[in-house]
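The values are calculated or read from the model by the stated rules, or taken from the named source; none is laboratory data. Treat the numbers as computed from the prediction; the structure is a model and nothing was measured. Cβ atoms come from the backbone with ideal geometry, glycine included; neighbour counts cover every protein chain shown. For accessibility, only protein heavy atoms count, side chains too; no ligands or nucleic acids. Shrake-Rupley method; radii C 1.70, N 1.55, O 1.52, S 1.80 Å.
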Amino acid sequence: MRRVVILALLFSSVQVVLWLGQAGHGAQTLLAFGFLIVAAYTIGELASAARLPRIVGYMGAGVLFGPSVLGTVPAQAVRALTPISSLAIALIAFLAGAELRWSEVRERGIAILKIMSSEMALTFVCIMALLVSLRTFVPFMSGLGLPGTIALAALFASMAVVHSPAVTMALLTETGARGPVARSTLGVVLISDVAVIVLFSTCLTIARSVVPPGSDNGGVTVLAIVWEIAGSVVVGAALGGAVALYLRVARHELFLFAILVTVFGAEVARLLHVETLLTLLVAGFVMENTSRRSDGTALRLAMERSAAPVFVVFFALAGAEIALGTLASVWPLVIPVVLIRAAAVRGGTALGTRWAKVSSVEAQYTWMGLISQAGVAVGLAAILADVYPERGESIRALFLATLAVNQVAGPVMFRRALARSGELAGSDKSGDTIVAATGGHPSPDAIVVG
């Protein structure tokens, strides 16, 4: 209750300051940023007390105080804080790559590929079939014949199969889970990002031949998308090797170096037009597997310390970007898409885990960690809106509305899966979390998987 009272007082004070400073000199953005950190952290703690992931609280704070509801954090402030989101994505990607050790990739890689391919294939087919069957109600399919309808349905489905490395890593950081369900989920969401880019580029090529964009701005070429994948691997490997060399030679000021690596890596990826998430993921993987074990652990712990406040702002901003008006306008389509996708994820994961012959615990709970969506698909949606200026905006609106629902429901389901599988510190398999000696917070090395 004390936190709620303090938050209410802060909210009132910020509203007065913003009202008085409408003609200020840009200080409103800085004030909104500070308030967002406090508000997100407070609501995150309330969510944790209610046995919900803190991420849900962070996003809820963004929705509540963002442009769609109270407007304490206005749209221009959200846009101005975009670099924070970029830094968070870079941190998440590097940490995710650092969790992948070559020995585990060799041991579990085939199983993860089987799970991912079965899950993605069934989800892709089911969503495409749903859109084709509802084509008379789908705005971006109006006036198209059956071939064009199938092409655009496949294009939407190629984005809808995406998962969220950001949510996965943040929950593993928060909970300290390190068992087979956590490892399988992490492996699937990381590898699926690469698969989604390849699938999207293929579907975009087909769609542009069947349904021409109708203008010369064509957006991003398929060659550019291919470069995003191949270039990300090359640039990421070079960056990871450089980081490993620094750790071997110097190993000083790792906290500052961790921030420098992520900022530098994100900027290089932007300048070279490669995918930031994949670039930093490869960099983290190369660093972890070419440096001494103690050096890699030291950098990872330093990066986790720097990432904690950035994660809070990142998920709060993600909530602030959810346009409730758009969500309401496409709601009749969002509900069936969300439900069909969840059913397909569950069915495809069941097929994949049976094919891979993994443990019964993984077979039962891994699918619950694959509901969340974010990451690279948001960028792909922007590419699509650029290629198809009219139809693309409608596709992006439906996709972002679907993503908003899954981004809220996904963390809750993943945490419940980790609890029921017994992988949370201080939890039983009924899904109830028991207060641990650490007070509910993971130890600094809590996200080390293996």
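So the values come out like this:
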quantity	calculated
Selection count where residues are out of contact with any helix residue (DSSP H, G or I) (no Cβ under 6 Å at 6 or more places or on another chain) and exposed (fewer than 15 other Cβ atoms within 10 Å of the Cβ), scope segment 126-151	7
Test: residue in segment 172-190 that is touching a residue at least 12 places away in the same chain (Cβ under 8 Å), charged (D, E, K, R), within 19 Å of residue 344 (Cα to Cα) and assigned to a helix (DSSP H, G or I)	no
Of all residues in segment 314-332 being open to solvent by 30 Å² or more (accessible area, probe 1.4 Å) and modelled with pLDDT of 80 or more, the one that is farthest from residue 400 (Cα to Cα)	332
Residue within segment 79-98 that is open to solvent by 60 Å² or more (accessible area, probe 1.4 Å), assigned to a loop (DSSP other than H, G, I, E, B) and either without any contact (Cβ under 8 Å) to a residue 40 or more places away in the chain or touching a helix residue (DSSP H, G or I) at 6+ places or on another chain (Cβ under 6 Å) (or both) present	no
Every pair of residues 6+ apart whose Cβ atoms lie under 9 Å, when the first sits in segment 234-254 and is at negative phi and assigned to a loop (DSSP other than H, G, I, E, B) while the second is open to solvent by less than 70 Å² (accessible area, probe 1.4 Å) and not acidic (Asp, Glu)	250/257
Answer from 256, 260, 272 - the residue that is over 24 Å from the mean Cα position of the chain (by Cα) and aliphatic (A, V, I, L, M)	256
Any chance residue 168 is under 24 Å from the mean Cα position of the chain (by Cα), within 22 Å of residue 400 (Cβ to Cβ), part of a helix (DSSP H, G or I) and polar (S, T, N, Q)	yes
